[in-house]
Structures are given as C-alpha cells and as structure tokens.
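Trainee: Before we start, here is the structure in question, set down as structure tokens.
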Amino acid sequence: MASKRALIIGITGQDGFFLTQLLLDKGYCVDGLIQPHAHDDTQNIKIFLKDYEKVRFQLHYGDLLDGGSLTRLINKLKPDEIYNLGAQSHVAKGFDVPEYTINANGLGALRCLEAIRALGLEGKTKFYQASTSEMFGNVPSPQSENSPFSPQSPYAASKLMAHNLVQIYRDAYGIFAVSGILFNHESCFRGDDFVTQKIVRGIASIKRGDIKHIELGNLDAIRDWGHAKDYVRGMWQMLQRDQPQDYILATGKGHTVRSFCEKSFGFAGIDIVWRGSGFDEVGENKKTGEAMVMINPDFFRPLDVNNLIGDASKAREELGWVCEFSFEDIISEMVEAALLPQKDYNK
Ligand code: NAP
Ligand code: F7E
C-alpha cells in the first residue's frame, strides 16, 4: 500500500518537530510548509532533512497569509492529512500585533479550509486544526468539550474564529475537519519566550554566572502543563477516527507559574523561598539569600487567564489517548537541556 501523505503547516515549531518524527516513524511521506523567511536548515527539523530529504520529507515555501500559496501546494500534494499548526502562537505578543494574529491564525485556517473545498478534496483530505485552552478564558475549571468559550486575548479570539470555521466547514461541506483543544504542552523545543523555557534557560544562565536573576510577570497563573510528544500523538489519533470530532488534550493537573519555578530551581539544586508580595515579591536562594526571581510589571498582560485545567476524559475513552510524561519528567528534561547551550535567556 502507498504511504500516506501529510502536510504540516507550522513544521518549524515545537509541535511540528514531534509530529514530523511521529509521522515519519509511521511510514508517512511528510511535507512541511515553511515561510519564505525560513532557512532550509531550520534548526529543529534539520535532522529530518539530513535523513529523509526528497525521499519521504520535503519542505515547501508558503504562508498562511497567502491563500494562493496554500491552494497551489495543497493541489500539488493532494495530501491525505493536513495539520494546521501554523500560528502567531504567543498570547502576549498577540496584544501587540492583533491584526496579524487574527489574519494568520483565524483567516489562515479559513484559507486552508477554502482550498480543500475549492479543490474538491472534501472526500480525500482530513484537516486538523490546532485549537487551544486559551479559548475558555476564565470559565471555571476543569474545562471540558462542553464548557463555554470566553476568549480574553486577540490570540484566543483568533483561535476561536478558526475553531468555529472548522465546525462550519465540517457540517456544511462534509470535510473531515477536527479541532484539538490542547492545553499547554512543553518540551526542550519550546520557544524561548514561553514561561517554562524562559524559567529553565534563565536558571541555566544564573548557574553559569551570566545573569543574577530571572524577571517574570504573573506567578499566580495556573496552567495544565503536558509534554508535546504525548499531545502530537493525540492529534494523529483524532484524524484516524471514522467520524470527525473535537477533543480536549490535557493532563487534568494544574500548577502555578510559581510552582514551576520552585521545582525547576529544585532540579538545578537551588532551593527557593518566597518573600514579599505583589510587584515586590522575590524568590530567594534559601542558602545564600540572593534574589533569583524578581517581578517585572512589563511581563504582565493587559488581560490574563488564571486557571486552565483540562478534562481529557473524552480523548482517553474514545481515542485511548494517554499521557506518558509527568510534570516532573517535563521539568527535568527541560532543565537538563537548558544546562547544555551557552546562551543568556533572560529576555
Ligand atoms: P510554535 O512553536 O510557535 O510554532 C508555530 C509555527 O507556526 C512555526 O513553525 C511558525 O513558523 C509557523 N507560522 C507562524 N506564522 C505563520 C504564517 N503566517 N504562515 C505559516 N506558518 C506560520 O507553536 P507550537 O507550540 O508548536 O504550537 C503549535 C500550534 O498549536 C500553534 O498553532 C499554537 O497556537 C497551538 N497551540 C499550542 C499549544 C502549546 O502549549 N504549545 C497549546 C494549544 C495550542 P516560524 O518558525 O517560521 O515562525
Ligand atoms: O504563559 C505567565 C503568563 O506564555 C503562561 C501558548 O502555547 O499555551 C501557551 O500560552 C503563563 C501566563 O503560555 C511570564 O502571564 C508570568 O499566565 O508560557 P506562556 P500561555 O500564555 O499559557 C496556550 C495553551 C497556547 O495556545 C499558546 O499558543 O505564565 N507568565 N511571567 C509569563 N509568561 C511569559 N511568556 N513570560 C513571562 O515572563
């Protein structure tokens, strides 16, 4: 039987790396859309270029802002599966570039769905959309597929637009289109400016003597942090069902940013004690009294989401999806990886 062909939009991101690895291991031909500014040796995925180039792994230029590029590429490849992981994915930056965020994330998904429809691929190409727990905003946790949406940022609004369009195109045109509503997931490939990577790389910079302390914003926010490797498996499982349906992927356990800090410093051999409150709160090295974590008001958002903890019962029961990585596994992997490179990450 011929290999299945998958197109990954957003292949240079964290999830793109793990999904490519998973699909190549399953025998797929994988095509990745990269933006014109990206280099062919784009860091995370260069390993696949080396091993699979032009046999089962190829990169193509395109952009979610450019409908023609998407339509031409989808027409050329006629993929069995499209994973739309492409996005301006940083919530705080979305407040600075709201129009771009809506265009890439909201209209970008629409352009993909329109291409499938215009090319008459409704019966051939399955579509996965990267939806997010951010769409729930501050509705009470645990959030499930039945919880209402209440976006609190341009990013969340852009993703809800895409989420709604997926449902509309599924119902109106019979496209096998699903949205995975994924809670935060991390790995050593996480972008530098997300809080987990910022913390562990900040700790590494402190240990090397490059910086004195890390500066953070809201320490009280609760997030449900899983591992990206578990979550991309869930994406693939959603597209293997007979009927298209949306699923939540989450661990069901919430932790504050403060707790992520404490545990990460702990893995690096530093015990932290917290003193003061509000903007004056400081995380001190218990042994030396030195400030390790300080608050910088610049890292607070105009609106934040306080308590995201997901209920993934439906995915567990219907997909047989399981989380193999614990919170502690994620932290130890990230701290260990951060201690390797020589960089100052307190930015
Ligand atoms: P990420 O590391 O930020 O990757 C985003 C990818 O999108 C990158 O490959 C980026 O390319 C690409 N991209 C950005 N703008 C684009 C455009 N205009 N056209 C085409 N591609 C574009 O994100 P991630 O953590 O892997 O997450 C994958 C997806 O899941 C995203 O849509 C994110 O919003 C969503 N999500 C993530 C989480 C999470 O916790 N990680 C949770 C829920 C949902 P460059 O490398 O060239 O910038
Ligand atoms: O923030 C707080 C911040 O930027 C987590 C994306 O993948 O997951 C991610 O979005 C929390 C927030 O992730 C800093 O205020 C404190 O409450 O790591 P983050 P996020 O906003 O949860 C969702 C599910 C997605 O869909 C997104 O694509 O940490 N926080 N101090 C900070 N956050 C950052 N970035 N930097 C700080 O200094």
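The values are calculated or read from the model by the stated rules, or taken from the named source; none is laboratory data. Remember, it's a predicted structure, so these values are computed and weren't measured experimentally. As a convention, Cβ positions derive from the backbone with ideal geometry for all residues, glycine included, and neighbour counts pool all protein chains shown. What goes into the accessible areas is simple: the full protein's heavy atoms, side chains included, and nothing from ligands, DNA or RNA. Shrake-Rupley method; radii C 1.70, N 1.55, O 1.52, S 1.80 Å.
Trainee: Could you tell me which of the residues ILE206, ILE248, ILE214, ILE270 is of a type in the set (A, V, I, L, M, F, W, C) and closer than 28 Å to LEU19 by Cβ?
Mentor: On the way: ILE206 fails: closer than 28 Å to LEU19 by Cβ; ILE214 fails: closer than 28 Å to LEU19 by Cβ; ILE270 fails: closer than 28 Å to LEU19 by Cβ.
Criteria check complete, one pass: ILE248.
Trainee: Taking the range 116-139 as the search range and keeping residues that are more than 29 Å from ARG5 (Cα to Cα) and in contact (Cβ under 8 Å) with a residue 40 or more places away in the chain, which one is surrounded by the fewest Cβ atoms within 10 Å (Cβ to Cβ)? Please lay out each step first, then the result.
Mentor: Step one: of the range 116-139, the residues more than 29 Å from ARG5 (Cα to Cα) are 134-139.
Next cut, in contact (Cβ under 8 Å) with a residue 40 or more places away in the chain only: 134-138.
On the way: GLU134: 25, MET135: 28, PHE136: 27, GLY137: 22, ASN138: 13.
Of everything passing the filter in the range 116-139, ASN138 is surrounded by the fewest Cβ atoms within 10 Å (Cβ to Cβ).
Condition check ((1) open to solvent by 40 Å² or more (accessible area, probe 1.4 Å); (2) within 12 Å of ligand 2 (Cβ to nearest atom); (3) part of a loop (DSSP other than H, G, I, E, B); (4) of a type outside the set (Phe, Trp, Tyr)) across all residues:
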position	(1), (2), (3), (4)
THR196	no, yes, no, yes
ILE203	no, no, no, yes
ILE206	no, no, no, yes
ILE211	no, no, yes, yes
GLU215	yes, yes, no, yes
LEU219	no, yes, yes, yes
ASP230	no, no, no, yes
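Trainee: So is GLN245 over 20 Å from ARG201 (Cβ atoms), in contact (Cβ under 8 Å) with a residue 24 or more places away in the chain and either touching a His at 6+ places or on another chain (Cβ under 9 Å) or surrounded by fewer than 20 Cβ atoms within 10 Å (Cβ to Cβ) (or both) or not?
Mentor: On the way: over 20 Å from ARG201 (Cβ atoms): yes; in contact (Cβ under 8 Å) with a residue 24 or more places away in the chain: yes; either touching a His at 6+ places or on another chain (Cβ under 9 Å) or surrounded by fewer than 20 Cβ atoms within 10 Å (Cβ to Cβ) (or both): yes.
Yes.
Trainee: If you don't mind, there's one more thing I want to ask. So SER187 fits all but one of (1) within 16 Å of ligand 1 (Cβ to nearest atom); (2) among the polar types (S, T, N, Q); (3) closer than 28 Å to LEU113 by Cβ; what number is the exception?
Mentor: (3)
Trainee: Can you find, within the range 156-184, the residue that is nearest to ligand 1 (Cβ to nearest atom) among those that are in contact with an Asp or Glu (Cβ under 6 Å, 6 or more places away or on another chain) and of a type outside the set (Val, Ile, Thr)?
Mentor: If we take residues in the range 156-184 being in contact with an Asp or Glu (Cβ under 6 Å, 6 or more places away or on another chain) and of a type outside the set (Val, Ile, Thr), then PHE183 is nearest to ligand 1 (Cβ to nearest atom).
Trainee: For the range 70-102, which residues satisfy the criterion of being touching a residue at least 24 places away in the same chain (Cβ under 8 Å) and more than 16 Å from ligand 2 (Cβ to nearest atom)?
Mentor: Scanning the range 70-102 gives LEU70, THR71, LEU73, ILE74, ASN75, LEU77, LYS78, PRO79, ASP80, GLU81, ILE82.
Trainee: Still on this structure: Determine if the range 161-178 includes at least one residue that is at pLDDT 95 or above and within 24 Å of GLY217 (Cβ to Cβ). Don't jump to the end; show me each part of the working.
Mentor: Within the range 161-178, the subset at pLDDT 95 or above is 161-178.
Subsequent filtering for residues that are within 24 Å of GLY217 (Cβ to Cβ) retains none.
The answer is no, given that none of the residues of the range 161-178 is at pLDDT 95 or above and within 24 Å of GLY217 (Cβ to Cβ).
Trainee: Next question, about the same structure. Go through the range 12-41 and count every residue that is in contact with a helix residue (DSSP H, G or I) (Cβ under 6 Å, 6 or more places away or on another chain) and within 18 Å of PHE127 (Cβ to Cβ).
Mentor: Result for the range 12-41: 6.
Trainee: Can I ask one more? So which residues in the range 148-172 are hydroxyl-bearing (Ser, Thr, Tyr) and either in contact (Cβ under 8 Å) with a residue 60 or more places away in the chain or buried (at least 19 other Cβ atoms within 10 Å of the Cβ) (or both), if there are any at all?
Mentor: Our first condition is that a residue be hydroxyl-bearing (Ser, Thr, Tyr); within the range 148-172, this holds for 150, 153, 155, 158, 169.
Residues satisfying the conditions are SER153, TYR155, SER158, TYR169.
Trainee: Hand me the list of strands (runs of 3 or more DSSP E) wholly inside the range 267-347 holding 1 or more residues that are open to solvent by 40 Å² or more (accessible area, probe 1.4 Å) and touching a helix residue (DSSP H, G or I) at 6+ places or on another chain (Cβ under 8 Å). Quick ask: steps written out before the conclusion?
Mentor: On the way: elements: 272-275, 282-285, 291-295.
Counting at least 1 such residues, we get 272-275.
Trainee: Does PHE189 count as within 14 Å of VAL305 (Cα to Cα), touching a Gly at 6+ places or on another chain (Cβ under 9 Å) and within 14 Å of ligand 2 (Cβ to nearest atom)?
Mentor: Numbers: within 14 Å of VAL305 (Cα to Cα): no; touching a Gly at 6+ places or on another chain (Cβ under 9 Å): yes; within 14 Å of ligand 2 (Cβ to nearest atom): yes.
So PHE189 fails the test.
Trainee: SER131 - would you say it is within 18 Å of ASP246 (Cα to Cα), in a loop (DSSP other than H, G, I, E, B) and in contact with a helix residue (DSSP H, G or I) (Cβ under 7 Å, 6 or more places away or on another chain)?
Mentor: Working: within 18 Å of ASP246 (Cα to Cα): yes; in a loop (DSSP other than H, G, I, E, B): no; in contact with a helix residue (DSSP H, G or I) (Cβ under 7 Å, 6 or more places away or on another chain): yes.
So SER131 does not fit the description; no.
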